[in-house]
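These notes concern the structure reproduced below.
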Amino acid sequence: MRAPLSKADYVYEALLEEIRTGRIPGGTALRAAAVAARLGVSVTPVREALRRLEKDRLISYEAHHGATVVDLGDEALEEFYGVRAVVEGLGARLAAARIGTAELAQLRRLHESMVADAAQGRHDLLGGKSEEFHLRIADIGGPAFLGQQARAIRASFPVPPGASLWLDVELAGRQLDAHERILRALETGDGETAEQVMIEHVRAGAAHRRT
């Protein structure tokens, strides 16, 4: 059973979710008093949560402006997807040598559920399932360290729901094809191909965000 959240934890998780999903977009000022009133807490836990978000590099403090949600530009976007490609590509390469039959079956079922969602027009479900697909592979490839780093990287640059390439029917089809190719490489223990396809697959997200 999960321990009850402290008020600071509650505020932190609420703001983190809102930033990650784009409900609080980059450039938005976060006033501690206004956040406290909205979430029904005092200012003290809000300030603690804001300090944690600053450490996560999701907000910054500016003189006379207070806390502001970081609005990352094109250079940061390129860096984000470049780092993701390297880390998740390495995870795929390592996973090809370590993955077991049960783990392959789980990934296959997840992929097939995404194919079914796409066929039935449930594109809003694909982004979350794709993240799960990627992070499962990273966990298999690097259970001691790499999977955790893959999560931290993704959390540092939220993708607003409307910016997801999975909402585009044609692009979603291409990305599902990439997932299939990654799965086949994992099934055959071909780490080089798994890494190469994963890198190309992740970089496709960067190309979509630039358009």
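Values as computed for the structure displayed
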item: Residue 123 vs. criteria touching a residue at least 40 places away in the same chain (Cβ under 8 Å) and not β-branched (Val, Ile, Thr); result: yes
item: Entirely in segment 1-100, the helices (runs of 4 or more DSSP H) that have 2 or more residues that are modelled with pLDDT under 85 and surrounded by 12 or more Cβ atoms within 10 Å (Cβ to Cβ); result: 7-20, 74-98
item: Enumeration of residues in segment 115-148 that are farther than 16 Å from residue 96 by Cα and within 11 Å of the chain's Cα centre (by Cα); result: 127, 128, 129, 130, 131, 132
item: Number of the condition not met by residue 114 [criteria: (1) in contact with a Ser or Thr (Cβ under 8 Å, 6 or more places away or on another chain); (2) under 23 Å from residue 77 (Cα atoms); (3) at pLDDT 95 or above]; result: (2)
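The values are calculated or read from the model by the stated rules, or taken from the named source; none is laboratory data. Nothing here was measured: the structure is a model prediction, and the numbers come from that model. No Cβ is skipped: glycine too gets one built from the backbone with ideal geometry, and neighbour counts run over all protein chains shown.
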